[in-house]
Amino acid sequence: MKSPHSRKPFHTLTWRVILTVCGALGLVWLSLMAFEFVRTRLLESNNPSLAQSVTGLREALTGIDDSQVASSIIQGIDRLARSRRRQAHLDVATLIQVRDRRDGRIVFRSSADLQLERLKTGYSRQMLAGTLYNVYFEGNGRWQIAVGQASIPTSWLLKEESHELTMDILLAFPLLLVPVWLAVWLGLRPLHSLANDISKRNPDDLSPVRVMQRHAELALLADAFNLQLSKVGRLIARERAFLQDAAHELRTPMAVVAVNAHAVANAQTADERAAAEARLHSGLSRTSHLVEQLLALTRLDVGRPGEMAVRDVVPLVRDDLAAVAPRAVAKNIDLALEAPDCLNQPVEFHPLRSIVGNLVDNAIRYGRNGGHVVVVLAPFGDGWTLSVADDGIGIPAADRDRVFERFYRGEHEETQGTGLGLAIVRAAAARLGGTVHITDGLDGRGCTFIVQFLPTLAPTMRRRNKIDGFDQNRPTEPRPGDVPQKY
């Protein structure tokens, strides 16, 4: 099995820097090649060597009046020039033409097939036998001298320039690469040291990582790592507290189960056994409910987000209310739903059911006999809201921020339950991108839980409810005369 820290050689920062330097030198090489090629082509039309050649020939013929002697001198110079071009491997055609100004006769011409005509003083270009020649001409003296050179072949020019530039680049490569590699190696030493220090830590060591002050670049990495360590530390502390609270909460119902199981086993009469069995059943129910709540909260905290789908939330909520309606009837509580005919929203099924179930369960549990519980579904901007209002015992203003904490029940003598329901509501609302807050309840009594969902995947489908008279302009308040759905 390969080590998780193993890396391919070319995936290291050092190799990436080396390849970057090579690429940069390659770009420099191409840029210089292009520059030299263009510069050479531009200089060809005004080649100073042609003017120098004409000047040299004119000086060589100074004082010469005999055309035969002049032809011999020029012929010797032409042979010498051809020999030098062969030694330089320069396969470029050069043309020398000398004319006697007195009679107009051509004294010397290096090529019998090519002849320069209609020359003007200075630089010019002429096409001879399909080849472009750059020509320099002087015709003021006794001897009219013209020197022409064919355009340098592209292949030869590129070959010569690439040879010279390649040698320069190869010489510069180690001089540039060695300092860069050394700088990278020295720069990475603190990072390797930091990695070694972290790898040698104990698994439960969450103390901050420290780096030397002069390594300012590593401070950003160390700060980010320390931030993650602090988050992990808080998470571990939270989970430990959760386990301690869960163990504490489970201890009471388990003790009830143990005592009543012993009472059932040692009951002397049928009545004693029946009473013990009833208490045993109650303890088991409370334990089962607590375990279910713990599992639900754990799934919301660490479970993967489910698939959000656009659903009509009205029938989903209506089904949940129908399931708890017998409990409301047992306490003579008027359970009502105020909602439009259709409210299509992107939701996740199970978190929504957790929100509705826990809020309505609390409203019925802590509601007064003969009271009211009203559930309202309504569009709100581009999102929607779910509110559950009752007229029961309510929650003191000082406790409204703490009731969402795990296992917090408040100090009211009528408070029962596991203390997890509202924690589940907040976690489920956050999972669906919503928030939950508490206001006063019906007619100033009890409380109202309002869950507000922000727009996520799809726009709300709004439609006036023809059955209960739902008003879109005031989504959370029914119009006078509206008849909400009863359960």
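The values are calculated or read from the model by the stated rules, or taken from the named source; none is laboratory data. Please read all numbers here as calculations on a predicted model, not as lab measurements. Neighbour counts are summed over all protein chains in view; Cβ atoms, including those assigned to glycine, are modelled from backbone coordinates with ideal geometry. Keep in mind that these areas ignore ligands, DNA and RNA; they rest on the heavy atoms of the full protein, side chains included. Shrake-Rupley method; radii C 1.70, N 1.55, O 1.52, S 1.80 Å.
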Find how much the distance from TYR123 to SER207 grows on full extension, using 0.36 nm per residue of separation minus their present alpha carbon separation; answer in nm with one decimal.
22.1 nm
Within the stretch 64-199: Cβ-based charge dipole about Cα centre, in debye rounded to nearest 20 (Lys, Arg +1; Asp, Glu -1)
500 debye
Where GLU59, GLU272 fall by accessible area, highest first, once all protein chains stay in place (1.4 Å):
GLU59, GLU272
Percentage relative contact order, the stretch 98-242, counting C-alpha pairs under 8 Å, at least six apart:
12 percent
Say each of ALA265 and ASP223 gets a label point 7 Å from the Cα, pointing the same way as Cα to Cβ; how far apart are those two points in nm?
6.3 nm
Net charge near THR154, counting Lys/Arg +1 and Asp/Glu -1 over other residues with Cβ under 13 Å of its Cβ?
-3
For the stretch 40-153, shape from the Cα gyration tensor axes a ≥ b ≥ c, cut at a/c of 1.5 then a/b versus b/c, turns out prolate
Neighbourhood charge, 13 Å Cβ-Cβ cut-off, centred on VAL69 and excluding it, Lys, Arg +1 and Asp, Glu -1
-2
If I ignore ligands, DNA and RNA and count only protein heavy atoms, how much of LYS331 is accessible to a 1.4 Å probe, in Å² to the nearest 10?
50 Å²
